[in-house]
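Working notes, structure below.
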Amino acid sequence: MSDKQELSRSEIARQRRAQRARKELEQTSKRASKPVVKVARVAPRAAVTRKRYAAPRRFNIALGLPEIHLHKPNIGNQRLFASWRLVSISVAFLLGIVIFLALYLPFFRVPNATVLGNNRLTREEIEAVTGVIGQSIFTVQPDAVATRLRMNYPELLSAQVKVYLPNHVYVTVDERQPVILWQQDGGYTWIDATGVAFRPRGSVTGLVPVQGLATPPIGTPALDDPLAPLPYIQKELVDAILALAPTVPADSTMVFDRSYGLGWTDSRGWKSYFGTTAQDMPLKVRVYQSLVDSLVSRGISPSFISVMYPDAPFYRAAEVKYEELPLDSGL
């Protein structure tokens, strides 16, 4: 009875060992049949010369769970961006200081303008129009100043403005030269060779005086100079005046008539007119002189002579007044 019990105990122990062995084999077979998680290996990248702009590195770590990635914290780029912000703020602050000093520092303010080329216009008159006195040299606009001068003074043929640091402004002007003294309706003005009228300043010798009996024809604007004022009279009329001026008698003044053109009143009592064209003015003068000589030689006293058309000149004879004698005069 005791042997059976001993055998049964040993048998039980062997069975237990066999069960444990089977369990271990099962567990080993399960582990062997379980799929292995693949670990992704990233090939090393080539060395980048500029590390500042290198792409962020990525690491794949096997944690037993697929598709979980850890990124390297981008601490260096954040520091770089912060430093660039600081630099930008500093530069903007410095530029603000420079602009403030350039606009308000007395060292850059214009004390006066240097005017060159003026003859009749004074420096004070030009400075008053430029408006640069007391301004910062950085706010002076040369083209705008030159345009303002031309618009205020029609006697300026051209104006040029240049600025130099720290506070120098140079104004160079070219004034128109008057050739005609035009008188009309109790007033007078100067006129240059292009027909532009402007205010007389001072005294100029050699001007041709013309008495306007009517308003002259207006000239056409200059196409090559948009700032030039509109001519008061046509340039062709100016040329005719200059061509006729040497033949005007010393005791007469040239006049302008809307219908007959240029002429004068002769001291011998008649009016002479020559039209308004300049190209044939020498011919008109010769025809006029021949006609006068012929009339004087024949004893004819004209009251009006016109050579506006040199191929068809005409005149009007003066009326002869006859005085009646009394009957008791003894004749």
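The values are calculated or read from the model by the stated rules, or taken from the named source; none is laboratory data. Quantities reported herein were computed from a predicted structural model and do not represent experimental measurements. When we count neighbours, we look across all protein chains shown, and the Cβ atoms used for this are built from the backbone with ideal geometry, even at glycine. The accessibility values were calculated without ligands, DNA or RNA, using every heavy atom of the protein model including side chains. Shrake-Rupley method; radii C 1.70, N 1.55, O 1.52, S 1.80 Å.
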Point to revise | When residues of region 123-172 are limited to those that are β-branched (Val, Ile, Thr), open to solvent by 40 Å² or more (accessible area, probe 1.4 Å) and at pLDDT 95 or above, the one farthest from residue 229 (Cα to Cα) | key: 163
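Residue check: is residue 210 over 37 Å from the mean Cα position of the chain (by Cα), among the β-branched types (Val, Ile, Thr), buried (at least 18 other Cβ atoms within 10 Å of the Cβ) and part of a strand (DSSP E or B)?
Details: over 37 Å from the mean Cα position of the chain (by Cα): yes; among the β-branched types (Val, Ile, Thr): yes; buried (at least 18 other Cβ atoms within 10 Å of the Cβ): yes; part of a strand (DSSP E or B): yes.
Yes.
Return the only residue of 132, 173, 169 being in a strand (DSSP E or B), more than 30 Å from residue 238 (Cβ to Cβ) and among the β-branched types (Val, Ile, Thr). Show your work before the answer.
Values: 132 fails: in a strand (DSSP E or B); 173 fails: more than 30 Å from residue 238 (Cβ to Cβ).
It is 169.
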Practice item. Hey, can you tell me all the residues within region 143-155 that are over 18 Å from the mean Cα position of the chain (by Cα) and either of a type in the set (Gly, Ala, Ser) or under 17 Å from residue 113 (Cβ atoms) (or both)? Key: 153
Study note, to complete from the structure: Among the residues of region 180-204, the number that are part of a loop (DSSP other than H, G, I, E, B) and of a type in the set (A, V, I, L, M) is 3
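Residue check: is residue 79 farther than 30 Å from residue 178 by Cα, modelled with pLDDT of 75 or more and either among the aromatic types (Phe, Trp, Tyr) or open to solvent by 60 Å² or more (accessible area, probe 1.4 Å) (or both)?
Values: farther than 30 Å from residue 178 by Cα: yes; modelled with pLDDT of 75 or more: no; either among the aromatic types (Phe, Trp, Tyr) or open to solvent by 60 Å² or more (accessible area, probe 1.4 Å) (or both): yes.
Answer is no for this residue.
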Point to revise | Tally, over region 252-261, of residues that are open to solvent by less than 10 Å² (accessible area, probe 1.4 Å) and more than 14 Å from residue 309 (Cβ to Cβ) | key: 2
Review point. So which pairs qualify, if the first residue must be in region 267-284 and over 17 Å from residue 304 (Cβ atoms), the second must be among the aromatic types (Phe, Trp, Tyr), the Cβ gap must be under 8 Å, and the two must be at least 6 apart or on different chains?
Key: 281/274
